[in-house]
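A.B. asks: Provided herewith is a single structure, encoded as structure tokens, for subsequent inquiry.
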Amino acid sequence: MSRKNNLLSIGDIAKFTGAGIRALHYYERIKILEPSYIDPDTAYRYYSFDQIYFIEVIMLCLELAIPLKELSRFILRDKTIDYAALLAYGRGIAESKIRSLNKGLEFIIEAEKNLEIMENYQKNPRVYTRKVPEKHFHAVPYEQSFDDANPQEIDKAFISLFSAEYSEGKSAELLEYGFLCEHSQSGTKRHIFVELPKHKLSRGNAIIPGGIYHCVQSRESQIERVGEIFCEHLKGSNSFWAIEIGLIADKCDLSKPMRELRVAART
């Protein structure tokens with residue numbers, strides 16, 4: 001009886017597992033899956049039924065983005081495979097991906113909520129009021145008017161802040177960043193700021209108080225014109241916050257994203 005009679009052809013094994021014939025040839029070429037038998041006359045490849053399970057493991061590794069060449073680490077000299085070690089390795093990668101996916105999903109859900117909130121405010125008159133939660137932030141001073149700002153200089157400042165505060169990995173929170181002006185009788189202090197994620201909060205953080213803010217949206221920076229825009233709302237107040245952030249809008253022009261300018265009296 002021919003040895004190949006009890007084996008599966010490469011076409012059959014491809015059909016049972018969903019792996020392409022070219023893929024099976026590639027697995028053989030990098031020596032992670034060799035056929036059980038190669039017909040010396042036709043060079044046709046044949047596989048044992050037991051190899052289906054290992055092909056499914058290979059396909060799982062592909063889904064987990066485990067480089068196939070790493071599988072050779074788990075194939076022993078006697079051609080046996082250390083499934084326990086491979087599965088433990090795969091579990092670690094899968095758990096890491098699940099954490100990453102959950103973090104991404106949290107960010108998407110928060111971004112969707114933010115879109116819904118902003119869509120409601122876009123229907124309001126030019127100046128509207130809304131409650132803004134307390135923000136912890138890290139900032140660097142900016143000595144000149146934001147109207148005269150060099151875009152490359154601003155980008156460099158933001159990159160520096162993000163590099164310092166988010167070196168531990170991206171937060172799932174939808175964090176704010178932008179311009180901050182502290183107005184008082186003694187003058188105006190300007191800052192470029194990024195909001196801190198929850199795991200970075202401490203008693204020593206700088207804080208933008210929560211409360212009711214007067215707001216307006218625009219595609220251009222207007223933080224240097226707060227006195228003109230909010231003149232009616234700032235009457236009798238010599239000390240106030242002005243914060244301008246970038247918004248995620250339903251239809252976003254990446255060349256000129258929407259901004260929200262907020263003001264509130266300082267206490």
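A.B. asks: Looking at K79, is it among the basic types (K, R), over 30 Å from the mean Cα position of the chain (by Cα) and more than 14 Å from A94 (Cα to Cα)?
C.D. replies: Working: among the basic types (K, R): yes; over 30 Å from the mean Cα position of the chain (by Cα): yes; more than 14 Å from A94 (Cα to Cα): yes.
Against the criterion (among the basic types (K, R), over 30 Å from the mean Cα position of the chain (by Cα) and more than 14 Å from A94 (Cα to Cα)), K79 qualifies.
A.B. asks: Checking the conditions here, which among K123, K131 is in the same structural domain as V216 (by TED's automatic domain parsing), at pLDDT 90 or above and more than 26 Å from the chain's Cα centre (by Cα)?
C.D. replies: Within the list K123, K131, the selection yields K131.
A.B. asks: Read through the list (1) closer than 27 Å to S160 by Cα; (2) of a type outside the set (A, V, I, L, M, F, W, C); (3) in a loop (DSSP other than H, G, I, E, B), then give the number of the only condition that K235 fails.
C.D. replies: (1)
A.B. asks: Examine the range 51-59 for a residue that is more than 24 Å from K97 (Cβ to Cβ) and surrounded by 10 or more Cβ atoms within 10 Å (Cβ to Cβ), and state whether such a residue exists. Walk me through it before giving the result.
C.D. replies: If we filter the range 51-59 for residues that are more than 24 Å from K97 (Cβ to Cβ), which is where we start, we get 51-52.
With the extra rule that they be surrounded by 10 or more Cβ atoms within 10 Å (Cβ to Cβ), the set shrinks to 51-52.
Checked against the condition, which is being more than 24 Å from K97 (Cβ to Cβ) and surrounded by 10 or more Cβ atoms within 10 Å (Cβ to Cβ), the range 51-59 yields at least one hit.
A.B. asks: For the range 220-237, which positions are at pLDDT below 85 and in contact with a strand residue (DSSP E or B) (Cβ under 7 Å, 6 or more places away or on another chain)?
C.D. replies: Pass one, the range 220-237, residues at pLDDT below 85: 235-237.
Within the range 220-237, S237 is the sole residue that qualifies.
A.B. asks: In the range 34-90, how many are over 17 Å from G20 (Cβ atoms) and in a helix (DSSP H, G or I)?
C.D. replies: So the answer is 15.
A.B. asks: I'd like to know if the range 100-111 contains one or more residues that are assigned by TED's automatic domain parsing to the domain that holds E228, surrounded by fewer than 15 Cβ atoms within 10 Å (Cβ to Cβ) and either among the β-branched types (V, I, T) or more than 24 Å from the chain's Cα centre (by Cα) (or both).
C.D. replies: No: the range 100-111 contains no residue that is assigned by TED's automatic domain parsing to the domain that holds E228, surrounded by fewer than 15 Cβ atoms within 10 Å (Cβ to Cβ) and either among the β-branched types (V, I, T) or more than 24 Å from the chain's Cα centre (by Cα) (or both).
A.B. asks: Take the conditions touching a residue at least 60 places away in the same chain (Cβ under 8 Å), of a type in the set (A, V, I, L, M, F, W, C) and part of a helix (DSSP H, G or I) and apply them to A111. Does it pass? Please lay out each step first, then the result.
C.D. replies: Working: touching a residue at least 60 places away in the same chain (Cβ under 8 Å): yes; of a type in the set (A, V, I, L, M, F, W, C): yes; part of a helix (DSSP H, G or I): yes.
So A111 fits the description; yes.
The values are calculated or read from the model by the stated rules, or taken from the named source; none is laboratory data. Every value quoted in this text rests on a predicted model; they were computed, and no experiment measured them. So basically every Cβ, Gly included, is an ideal-geometry build from the backbone, and we count neighbours across all protein chains shown.
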